[in-house]
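A short worksheet on the structure shown next.
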Amino acid sequence: MPLKTLSGKHADPRKGRGAGINPEGRFENVTREAYDDGWNTPPDDLPPLKTYVTEERAKSIITRNNSPDIPFTQSINPYQGCEHGCVYCVGGDTPILMADGTTRPIADVRAGDAIYGTVRSGWYRRYVKAHVLAHWSVIKPAYRITLEDGTSLVAGADHRFLTERGWKFVADSGSGKQRMHLTTGNKLMGTGAFASPPAKDRDYRLGYLYGLIRGDGLLASYHYQRAGRAHDDQHQFRLALCDTEALQRAQEYLRDWQIATQEFVFQKAAAGRRVMHAIRTHARPNVEQIRALIAWPAAPSPGWTAGFLAGIFDAEGSYSQGILRISNTDKEIIAWISRCLRTLNFRFALEHVRREQLKPIEVMRLAGGLREHLRFFHSVDPAITRKREIGGQAVKSDARLGIVSVEPIGKALRLYDITTDTEDFIANGVVSHNCYARPSHAYRNLSPGIDFETRLFAKVNAAELLREELSRPGYKCEVISLGANTDPYQPIERDYKITRGILEVLSEFNHPVGIVTKGAMVERDIDILAPMAERNLVNVFISVNNLDHELARRLEPRCSAPQRRLQAIKTLSEAGIPVGVLVAPVIPFLTDHQIEPVLEAAWEHGARQAGYVLMRLPWEIKDLFKDWLVRHYPLKADHVMSRVREMRGGRENDPGFGSRMRGTGELADLLAQRFQIACKRFGFNGDRRNRTLDTTRFRPPQRDGQLTLF
């Protein structure tokens, strides 16, 4: 794909998206006149940034949706990428806590995998199972974070970890803008570094078989006297368990010694009882060999020790309500469990439990809380995942997770990140914030941060594809929304004119189109839009959410100023083009008081339709917005987010159809009533003709010049 570079400190904004109009961050404080053409020049001390535009040939151009919140079923986005910043990422070998209690390097995690995240419940954050929604990587400068207990993490400067004082970035932004970042006075939250899994060598396999079979197996030989025979010896090995994971592992390990076993159902499921599966063999050589395999070793190796603890835990262990126990009535086995736990430096308490008419039982309880329980699971690796469930436990421990140092590694590394449905994950024992990046850039293996701002994709064959799709015999004409995801009139449109090409095709086919934009560049295409308006084929909504120049400069620094957008409304209206105002996004306690002034000004400039959208905070912008809010309006930040949660059912974002654009609850209802009253007072939305575009005029042009009968 061709790649064009548009750069230069003094680049003409009408000749491409140059560095002069692309400051460092999404919300940088740039200088702008109150009445301009929409292209901003940052102060001279900001370093220039190159913008790369990839010309790509898309495979399709019309996107279809069925959301009840959106008044269109078809849309076209001429460009991909344009504005928001993002955070990244951790080293590829960082172990992530999976939902089955095991760990996996983040580089090997994939979308759809089940992992552990956290949610706030009561006084604590608690561990819960979550799913990976997206996974990607980027090459960026890396930092090494070292903790008191020796835990080490590699991450980018913009990655965040949970501390005792909330989420903090790894390092300062380096742009002169202060942000909360890790210091040596902070402590991370979690259990600390995960233990390395054992090498499943010959000794480990022997130890596992010993623990599992000694704990829960039947191994015996019987001698019978039968008439007519000298003897009728019987040999039996049987291992019956409810959890097939341990059985499958045992069967696999036995095959390493050429011992074949048969599977069967030992006990069918019944009321209050689970089905129990088993493996067995009656061959004398097999039974004798198993007996030899599980002889006590004279000097157990570390591998045998780990395997034995895994096997005896699968056979006799339990884990519930945050308590890890191993029980047995055999004093010899208890002695071996104690010996192996001490070898691996585990602390435990031994309880003697007497039972009526049954042998007394010894119960070993592992000390140290979740930190030590996870170390046990990871360092010995039992097979039964059901017994590794940590969901619901609080994120707290006595681990020494104070930060010793945060140091740049001095080079760029490939770093990885994931998006999860809890918005976090457990990275090497500490709670790590996930990336809220836009997957549209992430699946290209690009940073959804600065790459999203500077590496844009232009669908240069959009008009060609649109002509093909509209010419298909089965095409059904429905209004197309232009720029539903990214603004069709962003700066590079001045060079590429993809939006203009799309409008030319739509006009040729008499196809209705709705346009939503924040840019005044829409005035350029009045020569196409005005004739379409005469045929009731177009309406334009220009987004204006406030008239405060200072607020607009901070919130939307690279968009046309509010007064410039009002002028565009006036110009379009005077050209006979139905034009409306979209008050979006409405930010509680920050811009909601501007609803009436915006509507009044838009009416005076010729807008006759109006709509609004309550601010949404999905993954890709939620923490970005909160960071911006703290930096620019620290005294209002808590109140704004409190209002947001009140209008989103207690959450910071509501993705549900039917409520995501308007919110729920009393405050959301009051906002809707205010908007309706203001619209009625000024006269908005009274002309139904302008609200319904004409789909009956649609006619594909005939290539041979022959007219159609209908």
Protection proxy (average C-beta count within 10 Å per residue), highest first, orders 333-340, 413-420, 401-408 as 413-420, 333-340, 401-408
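Test of understanding: what is the full-extension gain from Arg651 to Ala114, defined as 0.36 nm times their sequence separation minus their Cα-Cα distance?
191.0 nm
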Out of Leu366, Gly207, Gln289 - ranked by how far each Cα lies towards the positive end of the dipole of region 202-386, with unit charges on the beta-carbon of charged residues - the top one is Leu366
Residues whose built amide H sits under 5 Å from the amide H of Val404, excluding neighbours closer than 5 in sequence, are Thr146, Leu147, Glu148
By Cβ neighbour count within 10 Å, fewest first, Trp603, Trp123 rank Trp123, Trp603
Sequence order, region 386-402: Karplus ³J(HN,Hα) from phi using 6.51 cos²θ - 1.76 cosθ + 1.60, θ = phi - 60°, Hz rounded, Gly and Pro as x, gives 4, 8, 10, 5, 10, x, x, 6, 6, 7, 7, 6, 9, 4, 8, 10, x
Phi-derived 3J(HN,Hα) across region 299-316 with the Karplus relation (6.51, -1.76, 1.60, θ = phi - 60°), rounded Hz, x for Gly and Pro, is 9, x, 7, x, x, 4, 4, 5, x, 4, 5, 5, x, 5, 5, 4, 7, 10
Taking the dipole of region 238-394 about the Cα centre (Lys, Arg +1; Asp, Glu -1; charges at Cβ), the one of Phe346, Thr329, Ala306 that reaches farthest to the positive side is Thr329
Per the rule of 0.36 nm per residue minus the C-alpha distance, extending His549 to Ala199 adds in nm 119.6 nm
If amide H atoms are modeled at 1.01 Å from N in the peptide plane, then the residues at a separation of 5 or more from Gly92, or on another chain, having amide H under 5 Å from its own are Tyr416
Region 502-651, convex hull of Cα, quarter of hull surface, nm² -> 9.6 nm²
A correct fewest-to-most ranking of Val581, Val516 by other Cβ atoms within 10 Å would be Val516, Val581
To the nearest 0.05, the calculated FRET efficiency linking Thr183 and Glu263 through their beta-carbon distance, R0 being 60 Å, is 0.55
With a Förster distance of 30 angstrom and the Cβ-Cβ distance between Cys242 and Trp296, calculated FRET efficiency to the nearest 0.05 equals 0.65
Scalar couplings 3J(HN,Hα) for region 602-609 by Karplus 6.51 cos²θ - 1.76 cosθ + 1.60 (θ = phi - 60°), nearest whole Hz, x for Gly and Pro, are 5, 4, 4, 9, x, 6, 10, 10
Output for region 202-386 (equivalent-ellipsoid semi-axes, sqrt of 5λ from the C-alpha gyration tensor, Å, descending) is 30, 19, 17
Final fewest-first order of Met647, Met98 on the 10 Å Cβ neighbour count is Met98, Met647
Amide H neighbours of Ala561 at under 5 Å, excluding residues fewer than 5 places away on the same chain, with H built from the backbone geometry, are Asp36, Gly38
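How big is the dipole moment of region 202-386 about its Cα centre under a simple scheme where the beta carbon of each Lys and Arg is +1, that of each Asp and Glu is -1, and everything else is neutral? Debye, nearest 20, please. Spell out each step's value before the answer.
Details: 26 positive and 19 negative charges, 51 e Å.
Computed charge dipole of region 202-386: roughly 240 debye.
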With the label point 7 Å along the Cα-to-beta-carbon line of Glu356 and a cut-off under 19 Å to each amide N, the hits in region 246-285 are none
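All of the numbers you see were taken from the coordinates with simple rules; none came from a lab. From a predicted model like this one, the values you see are computed outputs, not experimental measurements. All Cβ positions, even for glycine, are placed from backbone atoms using ideal geometry, and neighbour counts span all protein chains on display.
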